[in-house]
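Novice: Questions regarding the structure given below will be posed in turn.
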Amino acid sequence: MTKTARFPEDRDEDAPFVPLTADQARRLREQNPPVSPWWVIAGQGVVGLVTALAAWGLTGRQNVGWSAAYGAMAVVIPAAIFARGLTWRFSSRSADGAAAAFMVWELVKIALTVAILVAAPRWVEALSWPGLLAGLVLTFKVYWVALAYSPRGRAPATKTD
């Protein structure tokens, strides 16, 4: 009885690992440029502002707009602190240090988000929880939009003779 591969990736299991050359690695980086976290955070700020204005305009109630803005702020401020922590020059001295920094800054981001949300009833007069959740959720979704529409590198121009 012959063993058949159930998944296409199972067929490559026995293939030897071949490291990329410097030129191949450079071309791979050109074809898949990284997305700046600051562009994502700027996008979150824009979406948060639009959500707050839309909430205010659709309901005609200013407190709903402020609640939506506060929900967006609960995403944008911790994300900015997280990005700043990860882009700090001492955060990536080694692979272990980068992994530890990621975990620490992610915990800081989560704790800060929770603290901002817990403080919401004190900071926003006549808080509207649906408005706050709308701002929070729509601003969170910017991460997925950034992944879906991340810039794709152009293939290097080929020389034609």
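Laboratory data are not the source of any read-out in this text; all were calculated from the coordinates shown. Just so it is clear, the model here is predicted, and its values are computed rather than measured. Here the Cβ positions follow ideal geometry from the backbone for every residue, glycine too, while neighbour counts run over all protein chains shown.
Novice: Treating only the Cβ of Lys, Arg, Asp and Glu as charged (+1, +1, -1, -1), what charge dipole size does region 35-148 show about its Cα centre? Round to the nearest 20 debye. Don't skip to the end; give the middle numbers.
Specialist: Numbers: 7 positive and 3 negative charges, 24 e Å.
Using only the charged Cβ atoms, the result is roughly 120 debye.
Novice: Between I110 and Q31, with labels modelled 7 Å along Cα→Cβ, what's the label distance in nm to one decimal, could you check?
Specialist: 3.6 nm
Novice: Kirkwood-based Rg over Rh for region 35-148 (C-alpha set), two decimals?
Specialist: Using Cα coordinates only, the ratio equals 1.05.
Novice: Over the C-alpha atoms of region 19-75, what are the Rg and the largest Cα-to-Cα span, Dmax, in Å?
Specialist: 19.6, 60
Novice: Right, another one. Just to be sure I understand the model, the point goes 7 Å from the Cα along the line to the Cβ. What's the resulting F102 to W39 distance in nm?
Specialist: For F102 paired with W39, the spin-label model returns 2.0 nm.
Novice: Something else: I want to check the label-to-label distance for R122 and T87. Put each point 7 Å from Cα in the C-beta direction and report it in nm to one decimal.
Specialist: Taking the two extended label points, one gets 3.1 nm.
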